[in-house]
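The structure appears below as structure tokens.
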Amino acid sequence: MTQIGEVAEPNVLKSIPSPHLPARRHCLDLDDYSRQEIEAVLQNATVMKDVMHREIRKVPALRGKSIVTLFYEPSTRTRVSFEQAGKILSADVINVSSSGSSAEKGESLYNTALTLQSMEADIIIVRHPDSGAPNFLARHLNASIINAGDGSHAHPTQALVDLYTMASHADRLEGLRVAIVGDIQHSRVARSNLWGLTKMGASVVLCAPPTLMPIDFLGGHHSRSNNPFTSVEIETSIERALEGADVVMALRLQKERQDAGNLPSLREYSRLYGLTPKLLEKARTSVIVMHPGPMNEGVEIDPAVAHGPMSVIEEQVANGVAVRMAVLYGLVPATRHRD
Ligand code: CP
């Protein structure tokens, strides 16, 4: 019988498939993940989900390792799920936010992260308003870096959570029609999902008003020569975007990142691009509705959709812990190199 303080089921992770992939040191975006590596993370997340449903949710995979979450922007889901994931894997987890740290006295990101590394942080999970901040740290530090969202650039673990949630509702990701609707311009979630979904063979429709679509995606076929996402359709009509969709992902309107003139008004945006039960009739009857959160209910999504029968939004949150456990577990060989 397991005693209090003991780590339960030390062999549970032996059921994790070993896909003979190269050890991964950082998780910065999905652009450098192969399809096989994404599949391995999703499979491992299922094993991690089993761990979470055990009476004693603890395995020793990261025992003796230190994880620091270093957040320069607010977060609920990502920070808490990483903390919970690290603790279930037996790591020591320390949370640092820019507010209340020496960043408030003007310490640079580099010096803050270097300080944390000097205190033996093995993995630093960073969220930052500047695109590329995690990549910068990965180039200059020895610790493993996980990108928990940088500017409008990338949010790879959210995309892995989304892929996992879609895969648990469909036989396969290949051929799935996924409509991503809303503030594409500022969405790191949309960008990382684009990498993940296209690598897994899904077809993606991006839908936004022209002012909230990245400039290099506009212009139809012309734009495709400028970006690697050849299976991606660009649509400004939400009705057409939702036609036959298996998955509809609504995005948060990022009020904190808007330039003047992007939107006529919130009411107008909501009227044209808010996801309603009526609009969902355009999609497949089996459609699932996703949102990475936090939601602006009544702006990009009607509360009746957010909390309706097609919504898997709470499931996305629940999957966040298991998927982030799988991501952390995938970095274990890299952290062992420094032993
Ligand atoms: N999806 C997401 O990143 O949510 P948080 O900002 O709450 O972490």
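The one condition from (1) out of contact with any Ser or Thr (no Cβ under 9 Å at 6 or more places or on another chain); (2) open to solvent by less than 20 Å² (accessible area, probe 1.4 Å); (3) modelled with pLDDT under 95 that residue 226 does not meet is (2). Of 68, 126, 161, all but one fail to be open to solvent by less than 30 Å² (accessible area, probe 1.4 Å), outside the structural domain of residue 34 (by TED's automatic domain parsing) and in contact (Cβ under 8 Å) with a residue 40 or more places away in the chain; the exception is 161.
Taking the criterion of being open to solvent by less than 40 Å² (accessible area, probe 1.4 Å) and assigned to a loop (DSSP other than H, G, I, E, B), would at least one residue in segment 102-119 satisfy it? No, the conditions are met nowhere in segment 102-119.
Listed by position, the strands (runs of 3 or more DSSP E) enclosed by segment 136-214 that each have at least 1 residues that are within 15 Å of the ligand (Cβ to nearest atom) and farther than 28 Å from residue 263 by Cβ are 144-150. Taking the criterion of being within 16 Å of the ligand (Cβ to nearest atom) and either of a type in the set (A, V, I, L, M, F, W, C) or under 19 Å from residue 164 (Cβ atoms) (or both), the residues of segment 84-107 that qualify are 84, 85, 86, 93, 96. Inclusion of residue 81 among residues that are within 16 Å of the ligand (Cβ to nearest atom), closer than 30 Å to residue 173 by Cα and assigned to a loop (DSSP other than H, G, I, E, B) is not warranted.
Tell me, please, whether a residue that is among the β-branched types (Val, Ile, Thr) and open to solvent by less than 50 Å² (accessible area, probe 1.4 Å) can be found in segment 277-285. Taking every residue of segment 277-285 in turn, none turns out to be among the β-branched types (Val, Ile, Thr) and open to solvent by less than 50 Å² (accessible area, probe 1.4 Å). State all residues of segment 45-78 that are within 16 Å of the ligand (Cβ to nearest atom) and in a loop (DSSP other than H, G, I, E, B); if no residue qualifies, say none. 72, 73, 74, 75, 76, listed by residue number. Within segment 166-177, which residues are surrounded by fewer than 23 Cβ atoms within 10 Å (Cβ to Cβ) and in contact (Cβ under 8 Å) with a residue 60 or more places away in the chain? Those that are surrounded by fewer than 23 Cβ atoms within 10 Å (Cβ to Cβ) and in contact (Cβ under 8 Å) with a residue 60 or more places away in the chain: 167, 168, 169, 170, 176, 177.
The values are calculated or read from the model by the stated rules, or taken from the named source; none is laboratory data. Nothing here was measured: the structure is a model prediction, and the numbers come from that model. Cβ: placed from backbone, ideal geometry, glycine included. Neighbour counts: every protein chain shown. Please note that ligands, DNA and RNA were not included when accessible areas were found on the heavy atoms of the full protein model with its side chains. Shrake-Rupley method; radii C 1.70, N 1.55, O 1.52, S 1.80 Å.
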